[in-house]
Structures are given as structure tokens and as C-alpha cells.
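Engineer: Please find one structure pasted underneath; my questions will follow.
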Amino acid sequence: MANEQQTSQGVQTTGHVWDGDLQEFNNPLPVWWTYGFYATIVFALVYWFYYPSWPVGSGFLKGMGSETYVNAQGEEESWHWNTRAKLLRETQEAAAQQKPWFDKIASLPYEQVTKDAELSSFVQSAGRALFSDNCAGCHQTGGAGKIGHYPNLADDNWIYGGSFDKIHETIAQGRHGYMPPYAEALDAAQVDALAHYVLSLGGEQADAAKAAQGKDLFHSHAAACYYCHGNDAKGRMDIGSANLTDKVWLWADVPGAADTAGKVAAVRKVIAGGLDSGVMPAWEGRLSEEQIRVLTLYVHELGGGK
């Protein structure tokens, strides 16, 4: 009776019945779902053949899709589609669109570029991208740098000079700063005295007696600090020695020290151990001359160049 009632109401069953009235309904999937399932199968087959996919023997299905790009020799090559080929093509398309702007900037003096609103806007856009890709890894996003490692490019303190020509020279040719270690040439008391003197030059609290001793050492042949940093301790841009009087701490993390003892220790560490980490690679040959010029303009504006 129950089976007849279900059938009379239009409900399909498989014909299986248990305990007299327990039936197995036969509810077919919706038509839209079925066709959707078939469509995914078709899509997968097309995808497998159009794009690189399944391993086959020692290789794989190469796919029928391809991307073209121009190689370093200027020859057009076609690759089976993959994200690398797509990136190369898109990068070259973007470079082609930007080329007229780069060429125009390369043909004009730096000062003239800064007076052109459109070119300055392009410098900010393209320069930011170039800086992010090539410089931010050391100098940080925005050029803030890191004390003890990389100079801050966003301030107005220029170790090697802040003119367009000097910045261009720095980027193109690189720099290699060096300061000899004094741990072997001077005893601990002398290094400590120099540390106090350097702190006093920067306007920090220091032991007056030790600072006086450090001043004598600074200008003596024993330490000969004046040779690189100058008699006035304001540094020399021709060799990139730091200005010790401007309260800008490049190598010794004085701002990060909690007290005077910590500041002395930070300066003492630099004097005793010296520096051989002020190395910046040359970007000439890695970047085009046009890219270096745009970076020069961008960095010049970051620190309000001179």
C-alpha cells in the first residue's frame, strides 16, 4: 500500500523495499548540475592540451599555448606558455611603453628634468619601482636605511656628496668604505677615551676628562683619526668618511642605546673593530644608463639633494 502511495505521488524509487514500507528513492541530479559536471570534464581536457600539464615519458605535454618575448640578443623567441614567459613578455611590453620617457630623461640635464612636472611624476613612479627592486633590500623602503649597515638616503646627510653627479657616480660605480680596526694599535683605555670624545662631538654626554684625552689622540699620529675625518671632524666626502659633528649616527647605534654607557659601548665597538662593511655594489652593467639616471633623480629627491 505504501509503495503504491509513493508511486501515485510521482516519486521514483529503485524498487527496493525493506520491512514492507522502507523504500529507496531514485532522485536524479538536477539537469543544470549534470551539464555543469560534463562541462568541467570538457574544460579539463581542453586545459590539459592547451597548457603544459601531464608528465609523458621523460617530458610532459607542452601545450598549444605560447608566449613570445625578445631575448637579450634582440631575437624573438616563443616559449610554451608558463608564468615565466608571460612575465618576460609583460615586462618587455611595459619597458617599451616607458622607453620614450627614459630616453627623454637621458637626453636632458638633471636640473631641467626636475623643472618638468610630467617628467618629475614619471621619475617618482619609475624611480620608486627601480628603488624597490634594486635598492630597498639594503636601504629599506623609503630609503630610511639601517644604522650600522646601510646609510639613510632620506636625510640630508650625504657621505659622498648629494649632487646629481655624485649620486650618479655612487650608483654607477659603487662605494667601498673602510675604517681600520684600532683594537691592536691602541689599548682599551685609549679606545675608550676616543669613544667619549666622538660622543662629545655629536653633542652626547661624555666624561670630560676622557673626552679631552680622546681629543689629543684624535689629532695625534698614534690614532691619526684627523687624517680621514679632518681636523674639524666633519669628514671628507672624497673618501666617504663620516661627519662626526652632525649628530647623525651611521655606524654606531648611539640612538638605540638606553644610557651613556651603552652609547660609549656602541662607539667603542666601531673604533675597536673598524669597518669593512660599507660596500655598495656598482650598478653599471646591471642597470641601463637611463635607469641609473632615473634612480639618481629619485634618490636626490628622497634626501633633498645638494
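Engineer: Would you kindly identify the helices (runs of 4 or more DSSP H) lying entirely within the range 118-220 that contain at least 3 residues that are within 21 Å of the chain's Cα centre (by Cα) and closer than 24 Å to Glu290 by Cα?
Structural biologist: Result: 136-139, 164-173.
Engineer: Which numbered condition in (1) surrounded by 15 or more Cβ atoms within 10 Å (Cβ to Cβ); (2) at pLDDT 95 or above; (3) closer than 25 Å to Gly161 by Cβ is the only one that Ala193 fails?
Structural biologist: The number of the failed condition is (3).
Engineer: Quick one: in the range 219-268, of everything that is touching a Gly at 6+ places or on another chain (Cβ under 9 Å) and hydroxyl-bearing (Ser, Thr, Tyr), which residue is farthest from Asp165 (Cα to Cα)?
Structural biologist: Step by step, filter the range 219-268, then rank; the result is Thr245.
Engineer: Can I ask one more? With (1) free of Cβ contacts under 8 Å to residues at least 60 places away in the same chain; (2) under 27 Å from Glu290 (Cβ atoms); (3) assigned to a loop (DSSP other than H, G, I, E, B) as the list, and Met237 as the residue in question, which single condition is left unmet?
Structural biologist: (1)
Engineer: Applying the selection to the range 129-187, what residues are crowded, with 19+ Cβ neighbours inside 10 Å, more than 23 Å from Gly285 (Cα to Cα) and touching a strand residue (DSSP E or B) at 6+ places or on another chain (Cβ under 6 Å)?
Structural biologist: Scanning the range 129-187 gives a single hit, Met179.
Engineer: Go through (1) at pLDDT 95 or above; (2) surrounded by fewer than 17 Cβ atoms within 10 Å (Cβ to Cβ) for Gln205 and report which single condition fails.
Structural biologist: Failing condition for Gln205: (1).
Engineer: In addition: I'm told Val254 meets every condition in (1) aliphatic (A, V, I, L, M); (2) part of a loop (DSSP other than H, G, I, E, B); (3) more than 29 Å from the chain's Cα centre (by Cα) except one. Can you identify the failing condition by its number?
Structural biologist: Only one criterion is unmet by Val254, namely (3).
The values are calculated or read from the model by the stated rules, or taken from the named source; none is laboratory data. Because the structure is a prediction, the values reported are computed rather than measured. Quick reminder, even Gly has a Cβ in these numbers, built from the backbone with ideal geometry, and neighbours come from all protein chains shown.
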